[in-house]
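Data block below; observations after.
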DNA sequence: GCCGTTTTCGGCCCGACTGTTTTCAGTCG
């Protein structure tokens, strides 16, 4: 049994106990245990064997004993007792919105309802509404939820999608005169890779009017509730959106509360509690009364320590440093903050390189390199498929283009080649042909970086051991510098991806100095955040990759960055943060040599990119060649040069393209490396 | 069942909204 299966047993015990009406605290403790077990980063059976479970916060003697029983038999006596008392299908009723454990028990006791199908039957027949304690409005709500599921099953949005919709709602609220501030919070602010609900926080001068404004957002299927403190709606897409209203004075408290996660909030409130304080979205108050729903009463007699206008106030009042939203998962971040062990998370300004620039043509690579330069990147690995650079000539052109783009943009371009990995772990080209040692050696001599793409062919399933052995074999070949798409995940439907022994794979990567890519593609984000955290523990370097490509989505870099931050990654664990000299050393390449580019240029047997037509313009006279190169470079970097621009426009309608064509010596009409290869190649 | 700035007992996060049990409990985030 794996961790998830053990967690499921505890979750079921918690649900069934709640339905039975047992001790609510005990039920919550079981659910909490399920959450703790699910969040463990090592296999439970290993930890049990090594006696490591006693040191896990949240696991007591009772849970540990049950874990041993469940690992051996798949169940435990308490679990057996509960499923003997209640039909197991009852647990599924809790998934119905508006139906909690109490109503589930009533439906079962009075009508024998034990499944969602039976619940629907009871609701439609009118029987459910006659159960004491269940009214017609509850029945209506249950039916609405069931109908809604049929129309559009509950969807999880990709983070990229959630940010777009969230921005639209925030914009809609900011257009309202009563809005002082508005921001998307919740799991989108924590940069979770997928988002279930959209959460928007608004500071308002007139809460009820703001609530009405929110429920008038275009594209709402259903309004669940609308008060002066909050409102909830279901969008046409089936996604729920929640509005939370606070005063401007309580902005920071509201921001902290509504960013979550739930587990983090509970841990923070328990900490407040220990200091005789009550933390909520109303700020931090002295705690005078105990019991459920006493907050308002409490606030009448208690003293407010801080309204928490800024989120920092929340942490400071509880004696904590600021905890970045990406870390707020209730996964040890508060303990780490208290111990001063909070990691200095990698930031955008730490990143000086882009490890995976994808472009088929030099023109595309050039424009991407410019954009990277504007983002502060000083090196990039231009990665091309093995099949594109299979022949020697192609690799020479590749290298030459890379050097020229580097000279023009100020971004050092390393030549990378991407190879696939077959089922046995051998390196193959895109067509599945094994790359012989000879070919790999020739390739290795010509390109700087070889990256193995771990993606499995569609439909192929490997067991954990085979999948791990496959990657270890590829890493052990000594030919790889990097490994990408380790898990082959696809979001939102296959978040787990291939089952591999990630710790072993990452340890091998650390030993062989193979960096591991974190892809910024919003539907991959491979490695996942726990994988990133494991990488920092094993010492494997992570390459945060925007994979800027023909579709030009440089912004994807932030997705990789966020993912790494969620994995507690520091700049020290990041390949992108290495200055060029350190990167070259890491890759065992010679140090940067500024003269190398000139030598290379001299080898070219062309005329410096000028054509016969150029003789018409004095700029193209041989003695002005250096000046021309300098001005072209500056122009390509974005500096205005009207005279040069006029000359360039005489050669074609795209001045930038012409400038690059001259600089790279590719001729008049095209910088596309496929068009002019024969004419241009090495004279 | 877990835990300790309340430490081997006694408490367990907080507040809003809603529905139905006319004073509070259930559900949710």
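Starting from the Cα of residue A:206, step 7 Å along the direction of its Cβ; do the same at residue A:312; then give the gap between the two resulting points in nm.
Calculated label separation equals 3.4 nm.
Provide the three semi-axes, in whole Å and in decreasing order, of the ellipsoid equivalent to chain A as defined by the square roots of 5 times the Cα gyration tensor eigenvalues.
They are 55, 31, 24 Å, listed from largest to smallest.
Expressed in nm to one decimal, what extension gain is obtained for the pair residue A:581 and residue A:422 from 0.36 nm per residue of sequence separation less their Cα-Cα distance?
Taking residue A:581 through residue A:422 to full extension adds about 53.9 nm, to one decimal.
At residue A:493 and residue A:436, where each label point lies 7 Å from the Cα along Cα→Cβ, what is the point-to-point distance in nanometres?
4.1 nm
Using Cα atoms only, what is the angle between the long axis of helix A:101-111 and the major principal axis of chain A, expressed in degrees (0 to 90) to the nearest 10?
With both axes taken from Cα atoms, the answer is about 60 degrees.
Under the rule of -39500 (n - 2.57) per DSSP H run of 4 or more residues, summed and divided by the residues of chain A, what mean residue ellipticity at 222 nm is obtained, to the nearest 500 deg cm²/dmol?
Working: 30 runs with 309 residues, N = 683.
Rounded to the nearest 500, the figure is -13500 deg cm²/dmol.
What shape does region A:316-453 have by the C-alpha gyration tensor, where a ≥ b ≥ c are the square roots of the eigenvalues, rounded means a/c under 1.5, and otherwise prolate means a/b greater than b/c and oblate the rest?
Note, shape of region A:316-453 comes out oblate.
When a footprinting reagent is the concern and you count Cβ atoms within 10 Å, what order do A:443, A:13 take, fewest first?
Least to most surrounded, the residues fall as A:443, A:13.
Compute the angle between helix A:529-538 and the longest alpha-carbon principal axis of chain A, please, reported from 0 to 90 degrees and rounded to the nearest 10.
In chain A, helix A:529-538 runs at an angle near 70 degrees to the longest axis.
Figure the gain on full extension for residue A:446 and residue A:630 (residue separation times 0.36 nm, minus the Cα-Cα span) and round it to one decimal in nm.
Extending this stretch completely gives an extra 63.4 nm.
What is region A:32-177 by shape, rounded, prolate or oblate, if you read a ≥ b ≥ c off the alpha carbon gyration tensor as root eigenvalues and call it rounded for a/c under 1.5, prolate for a/b larger than b/c, and oblate otherwise?
Judged from the Cα gyration tensor, region A:32-177 comes out oblate (a/c at least 1.5, b/c at or above a/b).
Checking the a/c ratio against 1.5 first, then a/b against b/c, what shape does the Cα gyration tensor give for region A:444-567?
rounded
In degrees, nearest 10, range 0 to 90: what is the angle between the Cα axis of helix A:502-512 and the longest Cα principal axis of chain A?
So the helix axis and the longest Cα principal axis differ by about 30 degrees.
When only Cα pairs under 8 Å and 6 or more residues apart are kept, what is the percent relative contact order across chain A?
Relative contact order here is 8 percent.
Would you mind getting me the FRET efficiency between residue A:461 and residue A:129? Use the beta-carbon distance for r and R0 = 51 Å, nearest 0.05. All intermediate terms of the calculation are to be shown ahead of the outcome.
Numbers: r = 48 Å, r/R0 = 0.93.
With R0 = 51 Å, the Cβ-Cβ based efficiency is 0.60.
Write down the percent of antiparallel bridges among all DSSP beta bridges whose residues are both part of chain A, to the nearest 5.
Values: 28 of 61 bridges.
Beta bridges within chain A, antiparallel portion: roughly 45 percent.
What ranking of A:473, A:125 emerges when the number of other C-beta atoms within 10 Å of each C-beta is taken as an exposure proxy, fewest first?
A:125, A:473
In nm, to one decimal, how far is the residue A:621 label point from the residue A:374 one, both placed 7 Å along Cα→Cβ?
With each label placed 7 Å out from Cα toward Cβ, I get 3.6 nm.
Can you sort A:138, A:455, A:504 from fewest to most other Cβ atoms within 10 Å of each residue's own Cβ?
With the sparsest Cβ surroundings first, the list reads A:504, A:138, A:455.
Laboratory data are not the source of any read-out in this text; all were calculated from the coordinates shown. Worth saying up front: this structure is predicted, and the values here are computed from it rather than measured. Glycine also receives a Cβ, built like all others from the backbone with ideal geometry; neighbour counts cover every protein chain displayed.
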